[in-house]
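Please treat every number below as a calculation from the coordinates, not as lab data. Because the structure is predicted, anything quoted here is derived from the model rather than measured. Cβ sites come from the backbone with ideal geometry, for glycine too, and all protein chains shown count toward neighbours.
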Amino acid sequence: NMILEIKNLHASVIDESAEDSRKEILKGVNLSIPAGETHVIMGPNGSGKSTLSYVLSGHPSYEVTEGSVTFKGQDLLAMSPDERAAAGLFLAFQAPVELPGVNNANFLRTAVNSVRKVRGQEELDPVKFLKLVRELAKKLSFSTDMLKRNVNVGFSGGEKKRNEVLQMTLLEPSFAILDETDSGLDIDALRIVAEGVKSLRSPEFSSLIITHHQRLLDHIQPDFIHVLAKGRIIHTGGPELSRQLEAEGYGRLVGEADA
Ligand code: ADP
Ligand code: MG
Ligand code: MG
């Protein structure tokens, strides 16, 4: 019962600044994620982790040159970003956009309704939406103050994370991909992300979390950890793998994969 199946995925980035403008980053990624599981990707800087999440989101700067990705049995790569979201895929990136002049509640409601529309669900008017958002915020122990403000403008790191988790929860995804790689996530933000993912956990929900934060891994207790290096998954292990990597680094695994 695989939700996401990535087979021999090769992808290049279209680099405007380089002379030979196509650079292959993903060099044959294979990864299968069953329903209900939490998987983590770790790996050295520059190995293609963010590229993988961008490719799965349908970002136009990346070109798939070989391989396939199926999501719930459908060809994910043939779907538009909107169709991916409607099918239940949620992607969170490092830097959430700030939208001055755009009310956060309206923004979230528009996002939710565009997905509901494609799913054939009733669209939510402002009253119904507010009721739903209040219930969710209560469940997540979030204040609803940030709904009145402009999208992410002047939000603290923790508030941005809460807003992202709120958006994720509202969209009722069956699969969430979170790229939490870079530094700048404090202890509070990590806990917010972990609680958000845990609140969605069910036999029908899976996630793929890109991180090197041991504390986040302690919170979410993943089923499997994969190591991505030089554009390929070179090793898969259980939750204990992160401690081993923390102790010995990636050198040995990368060396074995090269040999
Ligand atoms: P990671 O997330 O594992 O640190 P990335 O996927 O961000 O790795 O990057 C993988 C490689 O692709 C790096 O060498 C990076 O410089 C290159 N790369 C990624 N995006 C671009 C881009 N838009 N233009 C040029 N090179 C890129
Ligand atoms: Mg990086
Ligand atoms: Mg990255």
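Sort 138-144, 51-57, 24-30, 70-76 by packing, meaning the average of other beta carbons within 10 Å per residue, with the highest value first.
Result, highest mean first: 51-57, 24-30, 70-76, 138-144.
To check you understand DSSP bridge types, tell me what percent of the beta bridges within the chain (both residues inside) are antiparallel, rounded to 5.
Bridges in the chain are about 60 percent antiparallel.
Mean residue ellipticity at 222 nm from the helices of the chain, using -39,500 (n - 2.57) per DSSP H segment of n ≥ 4 over the full residue count, to the nearest 500 deg cm²/dmol?
-11000 deg cm²/dmol
Taking every Cα atom in segment 208-259, find the radius of gyration and the maximum pairwise distance Dmax, and write them in Å.
11.0, 35
If the limit is 20 Å between Cα atoms, which of Lys117/Lys138; Lys138/Lys161; Lys138/Lys160 go over it?
Lys117/Lys138
In vacuum, with every alpha carbon of the chain counted as one equal point scatterer, what does the Debye formula give for log10 I(q)/I(0) at q = 0.16, 0.17 Å⁻¹? Two decimals, please.
Debye intensities relative to I(0), on a log10 scale: -1.30, -1.43.
Can you return the lysines within cross-link range of Lys7? Criterion is Cα-Cα under 20 Å, with same-chain partners fewer than 8 residues away left out.
Lys23, Lys27, Lys49, Lys72, Lys230
Any chance you could get the radius of gyration and Dmax over the Cα atoms of segment 93-172, in Å?
Final numbers for Rg and Dmax: 12.1, 35 Å.
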